[in-house]
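Here the structure is laid out as structure tokens; the discussion comes afterwards.
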Amino acid sequence: MKLIEVNQVGKQYGDNVVLEKLNFTVSAGEFCTMVGTSGCGKTTFLRMLLGEEQPSHGAILMDGKPLPAEPGPDRGVVFQRYSVLPHLTVLGNVMLGPELKTGGIFARAFGARRALIRREAESLLDAVGLSHALNRYPAELSGGMQQRLAIAQALIMKPRILLLDEPFGALDPGIRADMHELVLRLWRETGVTVFMVTHDLKEGFSLGTRLMVFDKIRRDAQAPNAYGATITYDLQLKHADKALQKNIASEVAQTSQLLAGAIL
Amino acid sequence: MRLINLRPSRPLAVALGFIPFIILLLLYISNSNARLAENPNDKLLPGLTTMVDAVQRLAFTEDTRTGEYLLWMDTASSLERLLIGLAVSAGLALLVGILLGTLPMFRALAGPVVAAISMVPPMAILPILFIVFGLGELSKVVLIVIGTAPVMIRDMAQRVLDMPREQFIKLQTLGGNSWHLMLRVVLPQLLPRLLAALRLSLGAAWLFLIAAEAIASTDGLGYRIFLVRRYLAMDVILPYVIWITVLAYFMDLGLRLLSRRMFPWFHRQQEGEA
Ligand SMILES: Nc1ncnc2c1ncn2[C@@H]1O[C@H](COP(=O)(O)OP(=O)(O)OP(=O)(O)O)[C@@H](O)[C@H]1O
Ligand SMILES: [Mg+2]
């Protein structure tokens with residue numbers, strides 16, 4: 001059975017049709033990258049997967065059952081910013097999830113249970129390369145380190161789905177390459193299903209096993225928000241080639257100009 | 001070099017900071033001397049020795065009638081009222097502020113009434129407090145609470161609303177429920193904000209304390225000032241005012257140092273943003 005089924009999903013805010021007619025399924029273990037121009041609804045789609053927003057039309061199913069209407073531990077998330085809690089140390093951030101689960105009314109673990117959680121957190125932090133910074137606060141970390149921390153914090157819950165919304169958008173290119181390697185390694189090791197939004201078409205092509213392009217099929221210059229974006233390309237990535245990549249880039253650029261015109 | 005780029009060294013900054021105080025003191029002394037030369041019984045600007053005598057009498061000699069040291073007794077009563085009032089306000093601010101900020105249902109229920117109550121001028125309802133709670137300690141503490149709590153509650157609620165929504169989502173993806181969110185995400189991040197709000201409320205708290213003591217009391221710093229006003233006893237009033245200022249200053253300083261000690265992550269974050 002498919003892990004995620006998206007059936008005729010559409011989303012609109014008032015007159016602004018953001019997404020329409022989304023139809024696809026995703027199997028467990030896929031790494032889906034999602035690209036599209038700014039404002040075409042990628043974040044909106046991730047938020048529907050999270051349960052933070054509900055579709056205006058259609059339904060999203062997980063294991064054949066409707067997705068719960070609020071976020072839960074089976075779906076982890078890393079945002080571009082603000083994913084980690086500023087008042088907890090690196091170790092505290094990663095231990096938080098398990099502590100909530102087993103720590104009773106005060107959500108704090110003590111003694112042997114704490115030691116167990118701590119060991120688990122430390123090994124995960126080791127895997128993301130943060131074992132030297134266990135007792136630092138997020139404000140003392142670089143942007144790349146904060147994102148590594150956010151990934152570890154999400155993965156300790158062993159989520160079935162990991163949602164990444166432009167997680168490396170604010171990072172330097174060099175650090176980005178390291179992060180790509182890290183994410184691919186963790187994805188292979190854990191078998192988690194990844195949905196990752198990116199602005200960078202190249203990143204989308206190189207990282208995923210499947211690339212989805214969000215774009216408007218119908219563009220109306222008079223009313224740019226009358227039609228929503230849908231998925232215009234859904235590629236299994238081994239078949240992708242350079243010419244296609246160029247073609248997609250130019251189509252997305254057209255929508256981008258349309259939306260930029262609408263703002264002006 | 002441009003003025004905007006001219007920065008004082010540390011010792012110079014300290015010295016500069018003292019200059020206005022010294023000027024004020026000198027101005028006072030010269031004016032006081034001038035008036036006393038004209039009329040040795042002048043009460044308006046008493047000389048320093050007169051004030052030292054008054055402090056000696058109030059702080060270090062037993063009162064003949066009660067056998068107490070008046071200044072310390074006044075200080076103890078006033079501080080007790082002030083601290084109880086501020087503690088109650090802080091507790092209310094945390095509790096109601098967190099509920100308002102995290103629960104949309106509670107915000108819909110209680111938001112408008114809190115906003116309305118915070119517009120009531122506290123001094124206007126002081127007579128009501130005296131009628132309802134009597135002239136004892138309770139009405140004075142309640143006045144401080146009414147004067148400081150609403151602003152602090154609204155500040156705390158707004159601080160919660162200003163927290164990135166990402167944190168709220170994040171906690172839910174870590175398996176947390178509403179209680180977990182309040183306890184492990186909202187409360188710890190509000191505590192340094194609460195200390196900051198307390199510092200800002202100190203002025204108002206002192207204002208309402210002294211007002212209440214002036215109107216109905218038998219001891220306290222405000223009571224004493226208003227009592228001796230009848231005799232134009234500036235030699236008592238001025239030292240009392242300075243003493244109150246010193247107390248307020250050190251309370252403010254204490255809260256600031258406490259915040260730096262307890263919440264290093266908060267101050268580092270603030271410096272990072274600045
Ligand atoms: N809560 C909301 N209320 C009203 N409109 C919204 C809301 N959230 C998103 N939108 C609108 O939905 C559209 C898509 O937004 P979304 O954030 O999903 O785009 P995006 O593809 O993630 O863009 P970017 O690449 O810039 O992050 C935008 O036009 C935005 O104004
Ligand atoms: Mg987005």
Solvent exposure, largest accessible area first (probe 1.4 Å, DNA, RNA and ligands not counted), of A:Arg114, B:Arg260, B:Arg230, B:Arg65: B:Arg65, B:Arg230, B:Arg260, A:Arg114
A:Tyr227 accessible area, 1.4 Å probe, all protein chains in place, Å² to nearest 10: 70 Å²
B versus A: buried accessible surface, summed, Å² (probe 1.4 Å, to nearest 100): 2500 Å²
Inter-label distance, nm, simple model (7 Å from Cα along the C-beta direction), A:Ala177/B:Phe21: 5.9 nm
Span-rule helices in chain B, defined as complete DSSP H runs reaching 15 Å or more along the axis (Cα) with Kyte mean at least 0.0: B:10-38, B:48-60, B:70-102, B:104-117, B:137-162, B:187-215, B:234-262
On Cα atoms only, tilt of A:143-155 relative to the major axis of chain A in degrees: 80 degrees
Compactness relative to 2.2 N^0.38 Å, alpha carbon Rg of segment B:46-273: 1.23
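With a ≥ b ≥ c taken as the square roots of the eigenvalues of the C-alpha gyration tensor of segment B:115-198, please select rounded if a/c is under 1.5 and otherwise prolate if a/b is larger than b/c or oblate if it is not? Before the final figure, lay out the partial values.
Values: a/c = 3.37, a/b = 2.90, b/c = 1.16.
Judged from the Cα gyration tensor, segment B:115-198 comes out prolate (a/c at least 1.5, a/b above b/c).
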GNM flexibility winner over chain B from B:Ala34, B:Ala205, B:Ala115 (Cα, springs under 10 Å): B:Ala34
Accessible surface of B:Phe21 - all protein chains present, 1.4 Å probe, nearest 10 Å²: 140 Å²
Carbon/sulfur fraction of accessible area - chain B, other protein chains in place, 1.4 Å, %: 69 percent
Folded to 0 to 90 degrees: helix A:173-190 orientation relative to chain A principal axis, Cα: 70 degrees
Exceeding the 26 Å Cα-Cα cut-off - candidates A:Lys21/B:Lys170; A:Lys101/B:Lys170; A:Lys11/A:Lys158; A:Lys21/A:Lys42; A:Lys42/A:Lys246; A:Lys42/B:Lys170: A:Lys21/B:Lys170; A:Lys11/A:Lys158
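Relative contact order (percent) for segment A:85-158, with alpha-carbon contacts under 8 angstrom and 6 or more residues of separation?
Details: 74 pairs, mean separation 33.6, N = 74.
Dividing the mean separation by the residue count of segment A:85-158 yields 45 percent.
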Volume of the Cα convex hull of segment A:50-97, divided per residue and given in Å³: 101 Å³
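Can you figure out the FRET efficiency of A:Lys158 with A:Ala69, using R₀ = 22 Å and their beta-carbon distance, to the nearest 0.05? Working shown, then result.
Working: r = 22 Å, r/R0 = 1.02.
Efficiency computed from Cβ-Cβ geometry: 0.50.
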In nm, spacing of pseudo-spin labels at A:Glu122 and B:Ala34 (7 Å Cα→C-beta vector): 7.5 nm
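Provide a whole-number value for the mean count of partner chain Cβ atoms within 10 Å of the Cβ atoms in peptide B:181-190. Don't skip to the end; give the middle numbers.
Numbers: counts 2, 0, 5, 11, 4, 0, 1, 4, 4, 1.
For this peptide, the per-residue mean of nearby foreign Cβ atoms is 3.
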Karplus-derived HN-Hα couplings along segment A:225-230 (A = 6.51, B = -1.76, C = 1.60, θ = phi - 60°), whole Hz, x at Gly and Pro: 9, 6, 10, x, 8, 9
Interface residues, segment B:158-179 - accessible area loss of 30 Å² or more versus chain alone, probe 1.4 Å: B:Pro164, B:Glu166, B:Gln167, B:Ile169, B:Lys170, B:Gln172, B:Thr173, B:Leu174, B:Trp179
Cα-Cα P(r), the protein assembly as shown, percent of pairs per 10 Å interval: 3, 14, 19, 18, 15, 12, 9, 6, 3, 1, 0
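By accessible area of protein heavy atoms, probe 1.4 Å, what ranking do A:Val128, B:Val246 get, highest first? Intermediate results must be reported in sequence, preceding the final value.
On the way: A:Val128 0, B:Val246 55 Å².
Ranking A:Val128, B:Val246 by accessible area, largest first, yields B:Val246, A:Val128.
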Nearest-10 value in Å² for the accessible area of B:Ser30, using the 1.4 Å probe: 60 Å²
Compactness of segment A:85-158 - radius of gyration and Dmax, Cα, Å: 11.6, 34
Phi to ³J(HN,Hα) by Karplus 6.51 cos²θ - 1.76 cosθ + 1.60 over segment A:104-110, Hz, x for Gly, Pro: x, 5, 8, 6, 9, 9, 10
Cut-off 11 Å (backbone N to label point 7 Å along Cα→Cβ of A:Ala28), residues of segment A:51-78: A:63
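Over chain A, average the accessible area per residue using a 1.4 Å probe and give it in Å², no decimals. Let's see the in-between values first.
Working: 12040 Å² over 264 residues.
Ligands and nucleic acids excluded, the result is 46 Å² per residue.
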For chain B, built as a Gaussian network whose Cα springs stay under 10 Å, the top-fluctuating residue of B:Leu94, B:Leu143, B:Leu232: B:Leu232
Chain-alone versus full-assembly comparison, segment A:90-116, residues with accessible loss of at least 20 Å² (1.4 Å probe): A:Leu96, A:Leu100, A:Ile105, A:Phe106, A:Ala107, A:Arg108
Whole-number percent relative contact order across chain B, with pairs defined as alpha carbons under 8 Å at least 6 apart: 23 percent
Accessible surface ranking that places the most exposed of B:Met73, B:Met119 first, with a 1.4 angstrom probe: B:Met119, B:Met73
Relative pair counts by distance (%), Cα atoms of chain A, 10 Å bins: 7, 28, 33, 22, 8, 2, 0
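Explain nothing, just the number: relative contact order of chain A, from Cα pairs under 8 Å at least 6 residues apart, as a whole percent. Walk me through the numbers on the way to the answer.
Details: 468 pairs, mean separation 72.3, N = 264.
This gives 27 percent for chain A.
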Probe 1.4 Å, accessible area per residue of chain B, Å²: 57 Å²
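The values are calculated or read from the model by the stated rules, or taken from the named source; none is laboratory data. All values derive from a computational prediction rather than experimental measurement. Virtual Cβ from ideal backbone geometry, glycine too; neighbours counted across all protein chains shown. Ligands, DNA and RNA are excluded from the accessible area calculation, which covers all protein heavy atoms including side chains. Shrake-Rupley method; radii C 1.70, N 1.55, O 1.52, S 1.80 Å.
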